[in-house]
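Just so it is clear, none of the values below were taken in a lab; they were calculated from the coordinates. Since the structure is predicted, the reported quantities are computational estimates derived from the model, not experimental observations. Quick reminder, even Gly has a Cβ in these numbers, built from the backbone with ideal geometry, and neighbours come from all protein chains shown.
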Amino acid sequence: MNILATENKAVITLFGATGDLAKRKLYTALFKLYQKGYLQDHFALLGTSRHPYTDEEFQQVVRDSIKDVEETRKGEAADFSKHFFYKSHDVTKPEHYTILKKRIEELDKQFGTEGNRLFYMSMAPQFFGTIAMNLKKQDLLSDEGFNRLVIEKPFGRDFDSAKKLNDELSKTFDENQIFRIDHYLGKEMVQNIQALRFGNTIIESLWNNRYIDNIQVTLSEKLGVEERAGYYDNSGALRDMVQNHIMQIVAQLAMEQPVSFTDTDVRVEKIKALRSLRVYTPSEAAANFVRGQYDAGNGTEAYRDADGVAPDSGTETFVAAKLMFDNYRWSGVPFYVRTGKKLADKFTRIDVVFKKPLIDIFADPRHESDQTLNSNVLTIFVEPKSGFAMQLNAKRAGQGFTTQPVDLKYLQSDTDKKESPEPYERLFHDALEGNHTNFASWAEIAYAWKFVDVIRKLWDIEKPQFPNYVPGSMGPAASDELLARDGRQWVYRLNH
Ligand SMILES: NC(=O)c1ccc[n+]([C@@H]2O[C@H](COP(=O)([O-])OP(=O)(O)OC[C@H]3O[C@@H](n4cnc5c(N)ncnc54)[C@H](OP(=O)(O)O)[C@@H]3O)[C@@H](O)[C@H]2O)c1
């Protein structure tokens, strides 16, 4: 146990306690917080779902879920699981909430949690509004301590549905009580964007349209839709990845320096950045967005052949786009983004491409086409490796004078990686601490939806020419053409 860790005290009520996310991520995240001392004696988790379990059966579910995490002392997992309790509950039945209320009050007394309550909605989004309403109506909120709501994605499917959901939640919780999960914000290197930018004069002083030519963000997945096909076919890459994760990463890259590194100040700047993102007209959207869907190939089936997908599905499994910010810092600098399934590899990276020197004094005047200098590129490796690299030009060793690109590189060691909390551990801890920095605010979500809705509407009208890319590639040819049109290319490309 980390003796410097401050203990968080709360009763956590988890809706969806038997679900996939809870079993794969949430119990492990809590166990790690327990091992580090952020959770000690004064916490309890009340799990709920319709399935009937006794407390003991549920504690076994929890122990099974954390069995791969090494104990730091004998009996640790068993002790941890004694903080878990269960009530069978149908979230649509108001009378069930009275039973939950009574149990929460008992646990509060038993574990000395000082009236602190954290409600975690790990369920299908159609229930979010109903749960929030009943928490208020059936009086489950505490008068002492804090009341906080952690809510899973997706937050709506367009601006209107997101607003409706937000209005429903707002009847029970204030904005400063709501923690909207975007697990990309819990990733070490996404958080490192701010350290790199605002902790280094050498980087931040060049972080603008005078020195940066373009920025590229790639979230590439190797897998297809697998067992999520039913959900995915209703969502598509634009809603599933662009509206949330990509927008959040781009906002951090584009934002101004906050007055301080507090959640309030960081949010102000992210919101300002998203406000200046150019919302496209339909014809601009058509020119600046590319969609794709994977075909069969390389030994795998086509998206349209997956179970749960319509044989003529027009759902995109790939998106590439050019985004523009209309503000003083970024005017004229394209942010190219792309994400897709069944691509060449699984990774997330950010490439910041700097402008070349105005005059290349090393070019040989006898050969007009000779280009010796490369652009400097700062690459932030988000996953699976974490770190960054700066590509510079240096003299090639030996006779004569030619230059070559060389890398200054930092990659996290395996020990660093082991010590870095998983996104859910970090985010759970932040919510228990009441720190909003790594959660999406309503204003950010609203701007992101307004931007994405234009594209969605356009794509819903026009039938796409799908399928249009082969598994194992980096998406359709149009994605490369999007940059080629501007005289640019993706920094990460196959066979490069
Ligand atoms: N799984 C992931 O990797 C993942 C990743 C990112 C985000 N998310 C988000 O996390 C949330 C949960 O996802 P999941 O994959 O864990 O879903 P899931 O496996 O389908 O679990 C849903 C949970 O809701 C419970 N439930 C359903 N209807 C209920 C009702 N009427 N009353 C009470 N409980 C009810 C289910 O238990 P019973 O059937 O026993 O009631 C189950 O515990 C979703 O918002 C999802 O989008 C999931």
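The protection proxy used here, the mean number of other Cβ atoms lying within 10 Å of each residue, ranks peptides 250-256, 329-335, 455-461, 187-193 as follows, highest first: 250-256, 187-193, 329-335, 455-461. The ranking of 45, 494 from fewest to most other beta carbons within 10 Å of each one's beta carbon is 494, 45. Take the Cα of residue 139, step 7 Å toward its Cβ, do the same at residue 41, and the gap between the two points is 3.1 nm. On full extension, the segment bounded by residue 477 and residue 422 gains 16.3 nm, given 0.36 nm per residue less the C-alpha separation. For the chain, the alpha-carbon coordinates run over 85, 53, 45 Å along the three principal axes, in decreasing order. Based on C-alpha pairs under 8 angstrom that are at least 6 apart in sequence, the chain has a relative contact order of 17 percent. For region 10-152, relative contact order (Cα pairs under 8 Å, six or more residues apart, normalised by length) works out to 32 percent. Helix 423-433 versus the longest principal axis of the chain: what angle, 0 to 90°, nearest 10, using Cα atoms? It works out to around 60 degrees. Summarising the label geometry, the points placed 7 Å from Cα in the beta-carbon direction at residue 88 and residue 435 lie 4.1 nm from one another. Between the Cα long axis of helix 55-65 and the first principal axis of the chain there is an angle of about 20°, rounded to the nearest 10. Derived scalar couplings between HN and Hα for region 474-479 equal 10, x, x, 4, 4, 5 Hz in order, rounded to whole Hz, by the Karplus curve 6.51 cos²θ - 1.76 cosθ + 1.60 (θ = phi - 60°), x for Gly and Pro.
Helix 159-170 versus the longest principal axis of the chain: what is the Cα-based angle in degrees, 0 to 90, to the nearest 10? Its long axis makes an angle of about 30 degrees.
With 0.36 nm allotted per residue and the present C-alpha distance subtracted, the residue 394-residue 109 stretch has 96.0 nm of extension available.
Rounded to the nearest 500, the 222 nm mean residue ellipticity of the chain from helices alone is -9500 deg cm²/dmol, with -39,500 (n - 2.57) taken per DSSP H run of at least 4 residues. Sorting 197-210, 107-120, 311-324, 274-287 by average packing, meaning the other beta carbons within 10 Å per residue, from highest down gives 311-324, 107-120, 274-287, 197-210.
For region 27-91, which GluC sites (Glu not before Pro) pass both filters: DSSP loop (anything but H, G, I, E, B) and at most 11 other C-beta atoms within 10 Å? Sparse-neighbourhood loop GluC sites (Glu not before Pro): 70.
Modelled this way, with points 7 Å down the Cα-to-C-beta line, the labels at residue 411 and residue 328 are 4.1 nm from one another.
Residue ranges 6-16, 353-363, 157-167 sort as 6-16, 157-167, 353-363 when ordered by packing (mean number of other C-beta atoms within 10 Å per residue, highest first). Extension gain, residue 24-residue 463: 0.36 nm per intervening residue step, less the Cα-Cα distance, totals 154.3 nm.
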